[in-house]
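Enquirer: Can you read through this structure? Questions will come right after.
The values are calculated or read from the model by the stated rules, or taken from the named source; none is laboratory data. What you see is a predicted model; the values in this text were computed from it and never measured. Methodologically, a virtual Cβ is constructed for each residue, glycine included, from the backbone with ideal geometry; neighbour enumeration extends over all protein chains shown.
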């Protein structure tokens with residue numbers, strides 16, 4: 001991750017909190033023929049991440065105890081220099097991204113059911129007032145058949161890094177001007193993060 005200190009002003013806990021809230025990222029490992037990547041939902045519990053992969057995923061054949069990177073992408077958008085209300089500005093791209101490094105290891109197959117229950121419960125709770133979906137809604141034997149196609153994994157976290165590029169390097173009036181324009185363009189979440197910066 002690019003290490004411009006102006007945009008690395010969030011703590012490890014804030015970065016992990018952001019990744020936990022997103023719950024979806026790109027898992028990357030080195031394979032025999034080059035990098036391998038898979039887009040996965042996940043749960044963070046302490047210093048461990050649990051996730052699952054389909055058996056046919058090349059990462060499952062890349063080996064055990066692999067150095068891995070999980071990249072979690074937040075909101076992002078192009079920023080026009082016209083939005084700052086100042087002369088001699090240049091275009092840029094604002095974004096939030098968290099990189100989590102660690103060791104990826106397979107988990108025993110018997111842990112898969114509880115992982116899937118916890119994963120679906122985590123995302124169902126955000127869909128209120130809908131009654132949460134649970135595995136009990138499935139017909140007998142269907143869940144077991146489907147679980148045979150996926151494998152559980154754990155990633156033990158060794159480091160966390162985040163970039164929150166939100167125009168912190170600009171005067172407040174310029175940053176807020178860009179945030180207003182982004183909100184009008186539909187990038188509401190990114191605009192909210194830009195407005196929340198306290199200097």
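Enquirer: Go through (1) surrounded by 14 or more Cβ atoms within 10 Å (Cβ to Cβ); (2) closer than 30 Å to residue 172 by Cα; (3) touching a helix residue (DSSP H, G or I) at 6+ places or on another chain (Cβ under 7 Å) one by one and return the number of the condition residue 15 breaks.
Expert: (3)
Enquirer: May I pose another question? Out of (1) crowded, with 16+ Cβ neighbours inside 10 Å; (2) farther than 30 Å from residue 184 by Cβ; (3) modelled with pLDDT under 95, the odd one out for residue 10 is which?
Expert: (2)
Enquirer: Take the stretch 30-41 and flag every residue that is surrounded by 14 or more Cβ atoms within 10 Å (Cβ to Cβ), without any contact (Cβ under 8 Å) to a residue 60 or more places away in the chain and under 26 Å from residue 13 (Cβ atoms).
Expert: 40
Enquirer: Within the set of pairs 6 or more residues apart or between chains, which connect a residue that is closer than 16 Å to residue 43 by Cβ inside the stretch 124-135 to a residue that is part of a loop (DSSP other than H, G, I, E, B) and modelled with pLDDT of 90 or more with Cβ atoms less than 6 Å apart?
Expert: 124/132; 124/133
Enquirer: Please verify whether the stretch 49-65 includes one or more residues that are farther than 30 Å from residue 110 by Cα, in contact with a helix residue (DSSP H, G or I) (Cβ under 9 Å, 6 or more places away or on another chain) and in a strand (DSSP E or B).
Expert: Checked against the condition, which is being farther than 30 Å from residue 110 by Cα, in contact with a helix residue (DSSP H, G or I) (Cβ under 9 Å, 6 or more places away or on another chain) and in a strand (DSSP E or B), the stretch 49-65 yields no hits at all.
Enquirer: Could you please tell me which pairs satisfy a Cβ distance under 8 Å, a separation of 6+ or placement on different chains, a first residue in the stretch 165-189 that is touching a residue at least 40 places away in the same chain (Cβ under 8 Å) and at positive phi, and a second residue that is surrounded by 16 or more Cβ atoms within 10 Å (Cβ to Cβ) and assigned to a helix (DSSP H, G or I)?
Expert: Every condition considered, the pairs that remain are 167/174; 167/175; 167/178; 167/179; 167/194.
Enquirer: A follow-up question, please. Please work out which residue is surrounded by the most Cβ atoms within 10 Å (Cβ to Cβ), limiting yourself to the stretch 90-123 and to residues that are touching a residue at least 40 places away in the same chain (Cβ under 8 Å) and part of a loop (DSSP other than H, G, I, E, B).
Expert: 107
Enquirer: Sticking with this one: Determine whether residue 83 is closer than 30 Å to residue 171 by Cα and part of a helix (DSSP H, G or I).
Expert: yes
Enquirer: On the given criteria, is residue 27 assigned to a strand (DSSP E or B), out of contact with any helix residue (DSSP H, G or I) (no Cβ under 6 Å at 6 or more places or on another chain) and surrounded by 13 or more Cβ atoms within 10 Å (Cβ to Cβ)?
Expert: The answer is yes for residue 27.
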